[in-house]
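Beneath this line is the structure, given in structure tokens, with notes to follow.
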Amino acid sequence: MVLRGLHRAAHGQMGLLRNRWRTLRSLHHCSALVYREHSPDVNTVRMEQLMLPPVRGHDVRVKMLAAPVNPADINMIQGRYPVLCPLPAVGGNEGVAEVMEVGSDVTHLRPGDWVVPIDAGFGTWRTGAVCKQHDLISVPQDISLLGAATVFVNPCTAYRMLLDFQTLTRGCTVLQNGSNSAVGRAVIQISAALGLKTINMIRDRPNCADLSQELRSLGGDYVITEEEVMSSGLHEVFKEVPKPKLGLNCVGGLSGGLVLSNLDHHGTMVTYGGMSRKPLQIPAKSLIFQNVTLKGFWLTQWKRHHRKDEVQLKLMLDSVCDLIRDGRLSPPRCVQTPFHQYTNALQATIQSHQCKHVLIM
């Protein structure tokens, strides 16, 4: 009896070990860029190995393919962004992934699909992740990897601002500063596709002529420095195109005031950034005599307000992807960086006038 009891106990232990082994074998690991404190020093970001939970129900396991390093990502690490993730956190808000496994209740995605995260704070700087189906939205695979990895922030910001704040028809004019930014370049190209004219202000710089030509090659109708606007104004330009009803401001300070003061009556200026870190200069005459409207825009907030409106999200994403597919919207200039060389990408993003660095997993 004793021997039989020992045998049953041993057999039970072996069964538990086999079940535990099956469980462990079903789990996956990933490499991730983790920060455990908010610090101005991005060298606090470290690559760590993280265990992924098993896939159940509405879960989806993805393999990250490419993830940009954006200034907003750096600001989150530094603790200077409106949305901060609980620590420790994985960096990265944007990127494209491939679906590897889906739970039994997943209906909209299947293995092999390309997907992008909907909300900020997803933590895209990792080789893999397990999340809920509703955290992701699919993107077509007939656009480039870099196009898919960078489609859901800057181009969509440009798209929403061009559609949501003024009723613009073919031939209308849009005035913007920061025209060399990723959003600014998207504004130029999407405006050209919509038949809109763009007046694009840039800061004076040594390579100004080359940059002007580059922005014109994207479809920019006018490229002019802020210094030229201050000295000569836009009177000659307005002989050829109507005054803008829509102005886009990502700089602030005096530059934002230049956008505002050149808007048409009942125009709208949308501020979506403050790169100069200086208070916006608001000409009183623009408010009093031209009755302009000041608005702000943050794509993260727009996505959260429309989180359950999959039709709206999909319509925006499909429209932008159509432009990429047709060659009317080019991905931003990118430096592809192997994932293990992530420190190069982080340091480069801190520097000004750099191409976008994209981590390739």
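Laboratory data are not the source of any read-out in this text; all were calculated from the coordinates shown. Quantities reported herein were computed from a predicted structural model and do not represent experimental measurements. Note that each Cβ is placed from the backbone with ideal geometry, even for glycine, and that neighbours are counted across all protein chains shown.
One table, with the values for the structure above:
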| read-out | value |
| --- | --- |
| Normalised alpha carbon radius of gyration of segment 170-315 [divisor 2.2 N^0.38 Å] | 1.05 |
| Taking segment 249-361 and dividing mean pair separation by its residue count, relative contact order in percent (alpha carbons under 8 Å, at least six apart) | 18 |
| GNM result for the chain, Cα springs below 10 Å: residue of 53, 206, 279 fluctuating most strongly | 206 |
| Positive minus negative residues near residue 223 (Lys, Arg vs Asp, Glu; Cβ under 15 Å) | -4 |
| Segments 147-160, 38-51 sorted - mean Cβ within 10 Å per residue, highest first | 147-160, 38-51 |
| Stokes-Einstein D in µm²/s, Kirkwood radius over Cα pairs - segment 166-241 at 4 °C with 1.567 mPa s viscosity | 104 |
| Dipole magnitude (debye, nearest 20) for the chain, charges at Cβ of Lys, Arg, Asp, Glu | 1280 |
| For a label point 7 Å along the Cα-to-beta-carbon line of residue 44, residues of segment 80-95 with backbone N under 17 Å | 80-92 |
| Solvent-free Debye scattering, log10 I(q)/I(0), computed from the Cα coordinates of segment 27-154 at q = 0.15, 0.16, 0.17 Å⁻¹ | -0.67, -0.76, -0.86 |
| Over segment 51-129, relative contact order from alpha-carbon pairs under 8 Å, at least 6 apart, % | 42 |
| Kirkwood hydrodynamic radius of the chain, from inverse mean 1/r over distinct Cα pairs, in Å | 22.4 |
| Equivalent ellipsoid semi-axes - Cα gyration tensor, segment 137-183, angstrom | 25, 14, 9 |
| Additional length obtainable on full extension of the chain from residue 333 to residue 355, 0.36 nm per residue less Cα span | 7.4 nm |
| Dipole of segment 55-192, positive direction: furthest Cα of 187, 139, 149, with charges on the beta-carbon | 187 |
| The chain: relative contact order as a whole-number percent, Cα under 8 Å and 6+ apart | 15 |
| Values of log10 I(q)/I(0), in the order q = 0.17, 0.31 Å⁻¹, for segment 29-82 under a Debye, Cα-only, solvent-free model | -0.71, -1.19 |
| Distance-filtered residues of segment 131-158 - backbone nitrogen under 14 Å, label point 7 angstrom along residue 217 Cα→Cβ | none |
| Gaussian network model of the chain, springs between alpha carbon atoms under 10 Å - residue of 305, 340, 266 with greatest fluctuation | 305 |
| Evaluated at q = 0.14, 0.17, 0.18 Å⁻¹: base-10 log I(q)/I(0), Debye formula over Cα of segment 245-315 | -0.50, -0.65, -0.70 |
| Cross-link table 197/245; 245/295; 132/303; 63/314, entries beyond 20 Å C-alpha to C-alpha | 63/314 |
| GNM result for the chain, Cα springs below 10 Å: residue of 114, 298, 125 fluctuating most strongly | 298 |
| Kirkwood Rh, Cα atoms: Rg over Rh of segment 97-230 | 1.09 |
| Net charge contributed by nearby residues that have their C-beta within less than 12 Å of residue 182 (K/R +1, D/E -1) | +2 |
| Whole-angstrom gap from segment 84-137 to segment 323-349, using each part's C-alpha centre | 19 |
